[in-house]
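The values are calculated or read from the model by the stated rules, or taken from the named source; none is laboratory data. Predicted, not measured: the structure shown is a model, and the values here were computed from it. With ideal geometry, Cβ positions are generated from the backbone for all residues, glycine too; neighbour counts draw on all protein chains shown.
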Amino acid sequence: MIKEKIIRKLRVVPGRGIKLKNIETGWAQNEELKLYEKGLVKERATEILEANRTSLASSQELLWANNTRSVLVVLQGMDTAGKDGTIRHVMSGINPQGCRVCSFKVPTPEETDHNFLWRYSRDLPRRGEIGVFNRSYYEDVLVVKVHPELLEHQQLPPGKRGGRFWNARYEDINAFEQHLVRNGTLILKFFLHISKDEQKRRILERLETEEKYWKFSLSDLAERAFWDQYQKAYETMFAKTSTDAAPWFIIPADYKWVARTLVADIISTQIQALDLKYPVLSAEQLEQVKTAREALNSE
């Protein structure tokens, strides 16, 4: 597994301001790693990813059997950051019955007739499940903050939309997450952190590879023009909403194998830390097991 000191470096300390431009997006996260060849680090990362996939499969089965806890994984990131690929590779070994992935598009008229958290609460994981939000309620303090004109479609009461308004949204999110944690949900939030140069490379790859044309949208370029505004919105969001109960992890994502390995390791380790146990059978149930076993062996 990955050393705790590396994972600790990725976790956003509650209330601490950060500058994303000062945070590494590549594969060498500390001086120790820089001493090794990238190929060796990638080979070891592949081994760790596979081990964590196996661990996640068994942890998910225990989560399902225990049926008292749930896990919510939140994935955020700029366009092309690798959210879909991370989900595909990290969750590939999990029983689909115990895992749900939800993506959220432009709110419908029904959804804007409710508070901004309503549509997300409908898709929260049930007890025993792992739920993955590919983008989430954080879009309402990211995209909507960068494009405040979107507030006009949210059916809100009249009022100013300044600092107090956004602070209230951060408070609502924290209260929402605290409520979920108190009721047994483990919340793990990941920001896939890519550089602007790497995003450019990935968009160009889509434009130059016919099989990837379908992935391209003009909105990718339109939103790229707001790169600096998004970085600032993310920085404020981390400072306001990374809590002890529901921390943010900033995951370097210029190399997809790095991001996938780190996310898988954190999810696997955090579920194991719940120290779940299989249900204990009563004396009557154990007697039924014994009777059934004897009946089958005597056939």
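Does THR261 count as over 29 Å from TYR170 (Cβ atoms), over 17 Å from the mean Cα position of the chain (by Cα), of a type in the set (Ser, Thr, Tyr) and part of a helix (DSSP H, G or I)? No, not satisfied. Pairs are defined by a Cβ separation below 7 Å, a sequence spacing of at least 6 or placement on different chains, a first member in region 276-299 that is under 30 Å from THR185 (Cα atoms) and among the basic types (Lys, Arg), and a second member that is at pLDDT 90 or above and surrounded by 10 or more Cβ atoms within 10 Å (Cβ to Cβ); the pairs so defined are LYS277/ASN66. Surrounded by 12 or more Cβ atoms within 10 Å (Cβ to Cβ) and in contact with a helix residue (DSSP H, G or I) (Cβ under 8 Å, 6 or more places away or on another chain): does that describe GLU171? Judged against the criteria, GLU171 is not a match.
For every residue, the table says whether it meets (1) in contact with a His (Cβ under 9 Å, 6 or more places away or on another chain); (2) closer than 30 Å to ARG201 by Cα.
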residue: MET78; (1), (2): yes, yes
residue: CYS99; (1), (2): no, no
residue: GLU139; (1), (2): no, yes
residue: VAL146; (1), (2): no, yes
residue: LYS160; (1), (2): no, no
residue: HIS179; (1), (2): no, no
residue: LEU186; (1), (2): no, no
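The set of residues in region 274-299 being in a loop (DSSP other than H, G, I, E, B) and farther than 26 Å from LEU63 by Cα consists of SER298, GLU299.
Picking from GLY15, GLY26, which residue would you name as being modelled with pLDDT of 85 or more, farther than 23 Å from GLY93 by Cβ and either out of contact with any Phe, Trp or Tyr (no Cβ under 6 Å at 6 or more places or on another chain) or not in a loop (DSSP other than H, G, I, E, B) (or both)?
Working: GLY26 fails: modelled with pLDDT of 85 or more.
Matching residue, one of GLY15, GLY26: GLY15.
Where residues in region 110-167 are of a type in the set (Lys, Arg) and loosely packed, with under 15 Cβ neighbours inside 10 Å, which of them is nearest to PHE238 (Cα to Cα)? Before the answer, list the steps.
Taking region 110-167 and keeping what is of a type in the set (Lys, Arg), we get 119, 122, 126-127, 135, 145, 160-161, 164.
Checking the rest, the ones that are also loosely packed, with under 15 Cβ neighbours inside 10 Å come to 122, 126-127, 160-161, 164.
Values: ARG122: 24, ARG126: 26, ARG127: 27, LYS160: 23, ARG161: 20, ARG164: 17 Å.
It comes out as ARG164.
Among helices (runs of 4 or more DSSP H) entirely within region 195-242, having at least 1 residues that are in contact with a Gly (Cβ under 7 Å, 6 or more places away or on another chain) and either modelled with pLDDT of 95 or more or within 30 Å of ALA168 (Cβ to Cβ) (or both) singles out 227-241. There is at least one residue in region 185-200 that is under 20 Å from ALA259 (Cβ atoms), touching a strand residue (DSSP E or B) at 6+ places or on another chain (Cβ under 7 Å), among the aromatic types (Phe, Trp, Tyr) and surrounded by 12 or more Cβ atoms within 10 Å (Cβ to Cβ).
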